[in-house]
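Report on one structure; see the data block that follows.
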Amino acid sequence: MLIAIACTGTLLTGCTETETIEPPAQPANRILTYTVVNTPDPVHGAVNDNDSTITVYLPYYYYLSLMQTELTVSEGATVTPDSGTTLDDLVRVIKGDTVIRYTVTDTKGKKKTYTLHVETQQPALEIDEITTDAAAPKEFASSYLYQEKYEVYTAVPITGKNLFKNIGNQTQVTVTFINEQGTEISAVDVNVYSTTSITAILPFHWQMAPGLYRVRVECYSHTITIKNPIRIKSPQ
Amino acid sequence: MSTPITSPNVWAIRLILAATVIMAACSDDDPDPEAEEPEPDIEVTSGVYTVVNLPADSTANSINNATPLYYSLEDNKIIPASQKQTANWDIAFLGIYNSSIAPNNGKGQFSPGYGGPGKGGLYLVKYDDIDKQYYDTPGKPLTKLPERALFDEAFTRTTTVPVTDDKFITARYIDLDHFNSGTDGWAYYDFYGQMYPDRPSSEKGHICYAMPRPIIVRTAKGNYAKVILYSMYKGAPTDPDRSHKAGFITLKFAIQKNGTKNLNITETPK
C-alpha cells in the first residue's frame, strides 16, 4: 500500500513541466587556440577571454629569436595578424618593448582584441660590478696591433649568474660598452666559459677612444647595465 | 636571395628573367628601378639538382668562424640566417671557411636550428673500395686526388638510406676528415701541403680536398636526400691551390619528396 502511494507521487512529480534554459551564446569573435609551431614540440598558448590575453609559456632554453604561430578563431571570423604570421624579433616581444595584439572580427563586424604575453621564465641575470670602488674605475687597455701587424686583444673578465653557454653554434651573450656621451660600441667577441664567467674582447684603440665606459650585458631576454664604469686607456 | 644555379631549365628561365631585368634597366622611362619583382619560387620536386658556386662566406679567414650559410634542399635555395629556428633550411655550412656541415635539428644542442622545429640529421656514407682508390690511412695525406668520376659513382651507388634514423648525426657536424677530431669527414684538409712536397706551402698549404663520400640528409621536414660535395672553391677546380677563392660550394643533391628512403633517383626535373 505504501509503495503504491510512493509510485503515484513519483508519477505526479514526473508530469511537472520543466523549463530548459539555453546557455548564453558564445561571442563569435574569439580566439579558440593559439599554438607556437617552430619549437621541437608545439607549445600551446593559454587564451583568456575574460581579460583578452594570450599567454605563451615558452621555455627560455629554446632561445627562440622568432616565433611562428597558428591560431584558430570562431567560425566565420577573421583575425589580424593572420594565422601563420611570423613574429620577428621575439626578444623585444618577451621584454615588452614590442606589443603584439590580435584583433578578431566576427561576421557582423564586431571586434575583440587580445594581447600576447610571452613568458620564458628565464632565470634572473646577475652581473657583478667590475669596478668595485666607483672612485677608482678599473682600467683596461684597448686592443692593438703589435708591430702594426699582430693583433693583440684585451679581454675584460665579467662574472655573474645565469649567463648562458654557447648554444646552436652561437653565443647567447652580447656585451656593449657605452661612453659618457652615450655612444655604444660592441665587444669584438664574447667568450662564455660557464654560467658565471665570460670575457668580453675590447675593440682596437682606433675604434674605442680612451675614457669611462659603462658595460651592458645582454643574455637572451635579460639585460643589465652595471653601475660603475670602467676606464679604457690607450695601449702602451 | 637567389639560388646560384639549379637545373639547366631553371638556368634558361633565369637567363630570360635576367635579360628582362637588363632590358628594363636600359629603358629611359623606367618608373622605379627599385621596385623589381622578387624572383618567383620554383617548386622543387623529387630529382637530382646541381648547385654551383653557392656563395658562402668568401671573406672568411683561418682564425674566426665564417658566417654560416643555410640551405634548403626542399626548396633549392639559400635561407636567411634570421630563419635558422624554422624548418625552412636543411643543411648549414659553418665553422672555419664554412667547412663544417650541420643538420637542422631543434633538439640538437649544437645544431644552429636548436630550439626550432627541425627534425633533420646527417649521415656520412663511405665506400671502402672507392676510398682505397685515393686514400690509405685516416688522417694521412691522400695518395692521389680523387677523380670526379668517383664522386658521381659514390652518389649513384647510394640508392637508399643505409642506416636507421638513430644513426643520424643530430647534435654535431660533419667536419673535415680527422682534423681536430677522430671522425671521418667529407674532405681532407692538407694543412702543410704534404700532398705536394715539391710545391711551396704558400701554394698548396691549407687546401681542402673534397672526398667522394655522399652525405645522407634527413631534411628539417623529415624527407630524405643525398648530397655529394665537389668543392669549396670558386669554380670547383679539380686540383685547387691558394689562388682559388674559398667560400664557394659546389654540390649535387637528390631529394625524395614522397617521404620514403628511396634515393634511387636519376632524373633532373624538367
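For the stretch A:31-119, report the % of Cα-Cα distances exceeding 14 Å. Could you put the intermediate results ahead of the total?
Details: 2440 of 3916 pairs.
In whole percent, the share of Cα-Cα pairs in the stretch A:31-119 beyond 14 Å is 62.
Would you mind calculating the gained length between A:Lys149 and A:Ala25 on full extension (0.36 nm times residue separation, minus the Cα-Cα distance), in nm to one decimal? Could the numbers behind the result be given before it?
Details: separation 124, 0.36 × 124 = 44.64 nm, distance 7.65 nm.
That works out to 37.0 nm of additional length.
Which one, B:Tyr135, A:Tyr220, B:Gly118, projects farthest toward the positive side of the charge dipole computed for the protein assembly as shown from Cβ point charges (K/R +1, D/E -1)?
B:Tyr135
Rounded to whole Å, give me the distance from the Cα center of the stretch A:173-207 to that of the stretch B:215-239.
37 Å
Once you order the gyration tensor axes a ≥ b ≥ c over the Cα atoms, which shape class does the stretch B:179-220 get: rounded for a/c under 1.5, otherwise prolate or oblate by comparing a/b with b/c?
Values: a/c = 3.32, a/b = 2.56, b/c = 1.30.
Prolate, because a/c is 1.5 or more and a/b exceeds b/c.
Give me the inter-chain shielding for B:112-120: mean count of other chain Cβ atoms within 10 Å, whole number please.
Numbers: counts 4, 4, 9, 13, 10, 8, 2, 1, 0.
Average neighbour count from other chains, rounded to a whole number: 6.
In debye, nearest 20, what is the charge dipole magnitude of the stretch A:31-119 about its Cα centre with +1 on Lys and Arg Cβ and -1 on Asp and Glu Cβ, if you could check? Working shown, then result.
Working: 7 positive and 11 negative charges, 63 e Å.
Dipole about the Cα centre, nearest 20: 300 debye.
Using the Cα centre of the stretch A:115-211 as the reference point, and only Cβ charges (+1 on K/R, -1 on D/E), how large is the resulting charge dipole? Debye, rounded to the nearest 20. Present the calculation step by step, with values, prior to reporting the outcome.
Working: 4 positive and 11 negative charges, 55 e Å.
Charge dipole, the stretch A:115-211, about its Cα centre: 260 debye, nearest 20.
In whole Å, what three semi-axes, largest first, describe the equivalent ellipsoid of the stretch B:117-162 built from its Cα gyration tensor (square root of 5 times each eigenvalue)?
Details: eigenvalues 118, 42, 17 Å².
Equivalent-ellipsoid dimensions as semi-axes: 24, 14, 9 Å.
Determine the shielding of peptide B:87-93 by partner chains: average, over its residues, the number of Cβ atoms on other chains within 10 angstrom of each Cβ.
On the way: counts 3, 2, 0, 0, 0, 1, 0.
So the per-residue partner count for this stretch is 1.
Taking a quarter of the surface of the convex hull around the Cα atoms of the stretch A:126-233, what do you get in nm²?
Details: hull surface 28.4 nm².
That works out to 7.1 nm², a quarter of the Cα hull's surface.
Cα atoms only, the stretch A:53-167: Rg and Dmax in Å?
23.1, 76
As a test of the definition: which semi-axes, in Å, follow for the stretch B:96-198 when you take the square root of five times each eigenvalue of its alpha carbon gyration tensor? Largest first, please. Walk me through the intermediate numbers first.
Numbers: eigenvalues 152, 66, 22 Å².
So the three semi-axes of the stretch B:96-198 are 28, 18, 10 Å.
Between A:Gln122, A:Gln147, A:Gln68, which gets the highest mean-square fluctuation from a Gaussian network model of chain A, Cα cutoff 10 Å?
Looking only at A:Gln122, A:Gln147, A:Gln68, the largest GNM fluctuation is found for A:Gln147.
Please report the projected area of the protein assembly as shown's Cα convex hull averaged over all directions, in nm².
On the way: hull surface 168.0 nm².
Mean projected area of the Cα convex hull: 42.0 nm².
How about the stretch B:109-155: which trypsin sites (Lys or Arg not before Pro) there lie in a loop by DSSP and see at most 12 other Cβ atoms within 10 Å? Let's see the in-between values first.
Values: sites: B:Lys119, B:Lys126, B:Lys132, B:Lys144, B:Arg148; in loops: B:Lys126, B:Lys132, B:Lys144.
Here the sparse-neighbourhood loop sites are B:Lys132, B:Lys144.
Averaged across the residues of A:38-48, what count of C-beta atoms belonging to other chains lies within 10 Å of each residue's C-beta? Intermediate values should be presented prior to the final figure.
Details: counts 11, 5, 11, 3, 1, 0, 0, 0, 0, 0, 0.
Mean inter-chain Cβ contacts per residue within 10 Å come to 3.
Any chance you could get the radius of gyration and Dmax over the Cα atoms of the stretch B:178-270, in Å?
Expressed in Å, the Cα Rg and Dmax of the stretch B:178-270 come to 16.4, 51.
Roughly how large, in nm² to one decimal, is the mean projection of the convex hull of the alpha-carbon atoms in chain A? Could you put the intermediate results ahead of the total?
On the way: hull surface 97.1 nm².
Answer in nm², one decimal: 24.3.
Which of the GluC sites (Glu not before Pro) across the stretch A:144-236 are loop residues per DSSP, with 11 or fewer other Cβ within 10 Å?
Working: sites: A:Glu148, A:Glu151, A:Glu180, A:Glu184, A:Glu218; in loops: A:Glu148, A:Glu180.
Of the GluC sites (Glu not before Pro), the ones in loops of the stretch A:144-236 whose Cβ has at most 11 other Cβ atoms within 10 Å are A:Glu148, A:Glu180.
Read-outs: derived from the displayed coordinates by stated rules, not from any lab. Everything numeric here is computed off the predicted structure, so don't read it as measured data. We place every Cβ from the backbone using ideal geometry, glycine too, and count neighbours over all the protein chains shown.
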